[in-house]
Amino acid sequence: MRNPKIGVVSLGCPKNTTDTEVMLGLLNQSGFQVTFDNDEADICLVNTCSFIADARQESVKTLVELASEGKEIIIAGCLAQHFKAELLEELPEARAVVGTGDIHKIVEVVKAISEDSSLRVVEVSDVPNDHQEDALPRMQTGFGASAYLKIAEGCDHRCTFCIIPMLRGDFRSRTIESLVKEAKILVASGVREIILISQDSTYYGLDLYGKMSLAELLEALHEIEDLEWIRIMYFYPGEATDRLLETIARLPKVVKYVDIPLQHSHPEILKAMARPALPARVVTRIRELVPNVAIRSTFIVGFPGETEEHFEHLVNFIEEQRFDRLGVFTYSLQTEVPSGQMAGQLPEKVKKQRRKRIMELQHQISSQRNQNLIGTELDVLVEGFDESKKLYFGRSQWDAPQIDNQVYVKPDERYSIVIGDLLNVRVFDAKPYDLIAEVVLTATEQPAIVASCAVS
Ligand code: SF4
């Protein structure tokens with residue numbers, strides 16, 4: 001097959017998205033044609049997720065659908081790392097598997113299989129501990145005004161429910177220089193918000209510089225002209241140091257948004273999860289040191305051995321803390337990790353009931369919070385126009401893309417709103433998870449605008 005067209009499906013988390021964009025960037029740089037219409041693709045690159053059973057099923061379903069359409073497939077990402085050559089045996093249409101530590105080999109893989117139609121390739125390192133030294137080319141696949149910047153790969157923690165260290169290896173940071181270089185390229189292409197991602201961004205730099213260095217990275221990125229917002233995902237509870245929190249509070253471009261998965265509140269469950277204790281103390285410290293902060297957290301219900309008492313402890317904790325944003329997941333059984341072998345596995349029905357109860361609680365909290373925002377002003381990064389609603393949509397600094405609230409903005413005849421604008425708007429209506437607002441002034445017309453809305 002000469003010069004095949006490469007299609008793409010990217011599943012899973014934002015870390016996977018950046019891996020996909022790097023693979024497409026490398027292919028594009030080497031002269032391969034990339035298409036976002038899989039109907040016209042000769043080979044489909046599927047970057048898979050294998051974090052929990054549901055994600056694995058979605059990956060398999062995608063592969064089977066593409067195979068039934070007669071597509072040749074390259075399987076990359078976590079499923080490839082997890083099941084390796086087994087996937088080639090299961091799926092005759094699969095031409096190659098590429099592990100999480102081998103994405104930089106994608107050009108060699110595509111060249112090899114397009115030159116020899118009978119060849120099937122396995123590029124999966126046993127331990128995915130590669131190290132990305134420099135800024136690699138990227139082809140953006142998502143929302144133009146924002147871009148993810150993967151600052152590290154892997155994880156050094158060993159939470160008992162998590163398969164990530166097995167699939168992604170130990171924690172490896174990229175250098176500050178390489179990250180600033182990549183961020184500058186993104187900003188030059190029109191990106192206004194950089195979202196730092198890794199499994200544990202607060203751990204950044206310990207492997208490279210001998211100390212956690214996220215504060216230094218923030219200082220360096222803050223110098224980039226035309227960059228408006230820097231967002232951090234995710235904090236690990238034991239690593240939200242005062243120095244880091246003070247840096248976030250001090251630097252205007254760093255959004256006052258802390259995404260800190262706490263997973264549970266009860267000390268016995270946290271101990272069984274091998275997670276840090278005393279989550280309330282961390283939340284209090286964040287609120288003390290970062291004024292006007294929005295805190296997002298995620299929790300797991302139905303962990304093995306979670307009693308009614310443990311669960312009520314969690315419900316009370318969420319009621320007391322009133323998180324600005326919250327996600328709740330049912331525990332997903334995985335036999336490869338320690339929690340999969342623990343006694344006290346709970347029925348799915350119980351897990352789902354517990355999740356529902358917390359979702360209902362958060363629905364009330366979020367509704368009240370959003371109602372309190374009516375009449376306030378805030379800055380919104382405009383991301384698109386919703387044809388059905390006839391409204392622009394975007395996010396405030398207190399909302400991450402795809403998971404948090406959206407702010408809808410009425411078109412305004414005084415201003416021609418452009419995607420990527422940072423607009424000052426006034427909220428006039430609120431839904432449980434969305435706000436509706438009207439333009440006050442554009443940031444370009446009054447650049448000194450400072451968002452004045454209190455989130456708490
Ligand atoms: S810190 Fe996160 S990625 Fe690391 S082991 Fe725990 S849950 Fe998994």
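The values are calculated or read from the model by the stated rules, or taken from the named source; none is laboratory data. In this text, all values refer to a predicted model and were calculated from it rather than measured experimentally. Virtual Cβ from ideal backbone geometry, glycine too; neighbours counted across all protein chains shown.
Counting only helices (runs of 4 or more DSSP H) that sit completely within segment 259-321, those holding 2 or more residues that are closer than 19 Å to Asp242 by Cβ correspond to 279-289. Scanning segment 15-72 for residues that are surrounded by 16 or more Cβ atoms within 10 Å (Cβ to Cβ) and basic (Lys, Arg), we see that the one that is farthest from the chain's Cα centre (by Cα) is Lys71. From the list Glu182, Glu108, which one is under 19 Å from Leu27 (Cα atoms), assigned by TED's automatic domain parsing to the domain that holds Leu333 and more than 16 Å from the ligand (Cβ to nearest atom)? Among Glu182, Glu108, only Glu182 is under 19 Å from Leu27 (Cα atoms), assigned by TED's automatic domain parsing to the domain that holds Leu333 and more than 16 Å from the ligand (Cβ to nearest atom).
Consider segment 30-63. How many of its residues are within 30 Å of Ile300 (Cα to Cα) and outside any strand (DSSP E or B)?
Number of matching residues: 15.
Yes/no per residue for (1) farther than 24 Å from Arg395 by Cα; (2) buried (at least 17 other Cβ atoms within 10 Å of the Cβ); (3) more than 24 Å from the chain's Cα centre (by Cα); (4) within 16 Å of the ligand (Cβ to nearest atom):
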{"residue": "Thr241", "(1), (2), (3), (4)": "yes, no, no, no"}
{"residue": "Asp259", "(1), (2), (3), (4)": "no, yes, no, yes"}
{"residue": "Pro267", "(1), (2), (3), (4)": "yes, no, yes, no"}
{"residue": "Arg275", "(1), (2), (3), (4)": "yes, yes, no, yes"}
{"residue": "Arg281", "(1), (2), (3), (4)": "yes, no, yes, no"}
{"residue": "Leu289", "(1), (2), (3), (4)": "no, yes, yes, no"}
{"residue": "Glu308", "(1), (2), (3), (4)": "yes, no, yes, no"}
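Looking at the structure I just gave you, is Gly12 over 25 Å from the mean Cα position of the chain (by Cα), among the small types (Gly, Ala, Ser) and assigned to a loop (DSSP other than H, G, I, E, B)? So Gly12 fails the test. The residues listed here are Gly99, Gly70; of these, the one that is on the phi > 0 side of the Ramachandran plot and assigned by TED's automatic domain parsing to the domain that holds Leu27 is Gly70. Considering only segment 88-99, I want to know if a residue exists there that is without any contact (Cβ under 8 Å) to a residue 12 or more places away in the chain, in contact with a helix residue (DSSP H, G or I) (Cβ under 9 Å, 6 or more places away or on another chain) and surrounded by fewer than 20 Cβ atoms within 10 Å (Cβ to Cβ). Checked against the condition, which is being without any contact (Cβ under 8 Å) to a residue 12 or more places away in the chain, in contact with a helix residue (DSSP H, G or I) (Cβ under 9 Å, 6 or more places away or on another chain) and surrounded by fewer than 20 Cβ atoms within 10 Å (Cβ to Cβ), segment 88-99 yields at least one hit. Cβ-Cβ contacts under 9 Å between residues 6 or more apart (or on different chains), taken from a first residue in segment 225-251 that is free of Cβ contacts under 8 Å to residues at least 60 places away in the same chain and among the small types (Gly, Ala, Ser) to a second residue that is in a helix (DSSP H, G or I) and within 16 Å of the ligand (Cβ to nearest atom), are listed as Gly238/Thr202; Gly238/Val282; Ala240/Thr202; Ala240/Val282.
Scanning segment 136-171 for residues that are away from the ligand (no atom under 15 Å from the Cβ) and surrounded by fewer than 20 Cβ atoms within 10 Å (Cβ to Cβ) gives Leu136, Pro137, Met139, Gln140, Thr141, Gly142, Phe143, Gly144.
Taking the criterion of being surrounded by fewer than 17 Cβ atoms within 10 Å (Cβ to Cβ), under 28 Å from the mean Cα position of the chain (by Cα) and within 12 Å of Ala272 (Cβ to Cβ), the only residue of segment 318-350 that qualifies is Pro338. Counting only strands (runs of 3 or more DSSP E) wholly contained in segment 375-439, the ones carrying 1 or more residues that are polar (S, T, N, Q) occupy 406-409, 422-430.
Inspect all residues belonging to segment 127-136 and state whether any of them is over 25 Å from Glu383 (Cβ atoms), more than 20 Å from the chain's Cα centre (by Cα) and of a type in the set (A, V, I, L, M). Yes: one or more hits.
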